[in-house]
Amino acid sequence: MSAGAVFQETLRALRRQELPEDAEREVLRALEAGRPGPLALLYAAGTEAGLEREVLLRRASGLFLCSCAANLSDDLTDGECTYLAEPQRVGPGVQFALQSLCFATLARADLPAPVLAEAAGRMVTAAGLQVLEVRTATWTAPRFKQVAEGIAGAQWALYLRVLWEGTALAARAAEVGRNLGVAAHVAEDIRSGDVRFHSMTAEDRSDVVSWAREAAEAVRQQGLSCLEAVLRTVEPVLHPAA
């Protein structure tokens, strides 16, 4: 129900734009492709921070839109955008719409202008590191860490920074988000067989796994119940013998 509530808020934000039917349909396909993504975690993290429901839904919805824009960008880059009829022609416009709708939604979510400016800057960082990722031919531990920090770490630091603004958890957002993003990124690359991780030498893979384990442990030390579900999926991958 929590993830569904955020998704319904996202649909309301989309329909307020009164896009042409064909355009709305393509944006909706990208939203469906991004589910469940971070929906449940955003709701749980906002609830644990004590956000009022309307503010929580708007912030989580805006961040979900950002996630869908990033997901679409990644799928277009990898040639995996199977949910749009003409990905190379339609995809850029849909991504532009998602990113713009993200800020239109966050602007209505009781956020100070400096926080929105910081969020935009972190999005630029993540996008820039995606460019570096696709131009990397040989993966090493230092390059892997740089990309993981810039994409996953910066992205989740952004999400929690925006989501927790004005709450007692705000000061912890950057550290928690960075560690959460790094641990989840490494675990997913291991689980999915991604070339970024599996093409590295055994020594570099061991280095990266140790780094991710430290990040996961730092998340656990925060004692936040909203992060337990993520840790339950990440830690068995990073500690396969446990």
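The values are calculated or read from the model by the stated rules, or taken from the named source; none is laboratory data. Bear in mind the structure is a predicted one, so any value in this text is a computation, not a measurement. Here the Cβ positions follow ideal geometry from the backbone for every residue, glycine too, while neighbour counts run over all protein chains shown. Note: areas computed on protein heavy atoms with side chains; ligands, DNA, RNA excluded. Shrake-Rupley method; radii C 1.70, N 1.55, O 1.52, S 1.80 Å.
Just a few scattered comments:
- Convex hull volume per residue, computed on the Cα atoms of region 124-242, equals 97 Å³.
- Within the accessible area of the chain, the carbon and sulfur atoms contribute 53%, probe 1.4 Å, all protein chains present.
- Percentage relative contact order, the chain, counting C-alpha pairs under 8 Å, at least six apart: 18 percent
- Between SER100 and ARG12, the distance separating the two model label sites (each 7 Å from Cα on the Cα→Cβ line) works out to 2.3 nm.
- For the chain, the fraction of C-alpha pairs farther apart than 29 angstrom is 28 percent.
- If the convex hull is drawn through the Cα atoms of region 1-70, its volume per residue in Å³: 74 Å³
- For region 171-209, the residues whose backbone nitrogen is under 19 Å from a point 7 Å from the Cα of VAL115, taken along Cα to Cβ, are 171-178.
- What the Cβ-Cβ distance of GLU24 and THR233 gives, at R0 = 30 Å and to the nearest 0.05, is a FRET efficiency of 0.35.
- In this structure, ALA5 and LEU132 have a Cβ-Cβ separation that, at R0 = 22 Å, corresponds to a calculated FRET efficiency of about 0.05.
- For the peptides 53-59, 90-96, residues were scored by their other Cβ atoms within 10 Å and the scores averaged per peptide; the highest-first order is 53-59, 90-96.
- Per-residue extension of 0.36 nm, minus the Cα-Cα distance of VAL124 and GLU32, leaves a gain of 30.7 nm for this segment.
- Surface per residue (accessible, 1.4 Å probe) for region 1-121, Å²: 48 Å²
- For region 157-242, the solvent-accessible area of protein heavy atoms averages 45 Å² per residue (probe radius 1.4 Å; ligands and nucleic acids excluded).
- By average C-beta atoms within 10 angstrom, highest first, the peptides 189-199, 148-158, 130-140: 148-158, 189-199, 130-140
- For region 27-152: rounded, prolate or oblate by the Cα gyration tensor [a/c cutoff 1.5]: oblate
- Whole-Hz couplings from phi, Karplus 6.51/-1.76/1.60, listed for region 141-149; x for Gly and Pro: 4, x, 5, 4, 5, 4, 5, 4, 4
- What you get for region 158-242, charging only the Cβ of Lys and Arg (+1) and of Asp and Glu (-1), is a dipole of about 200 debye around the Cα centre.
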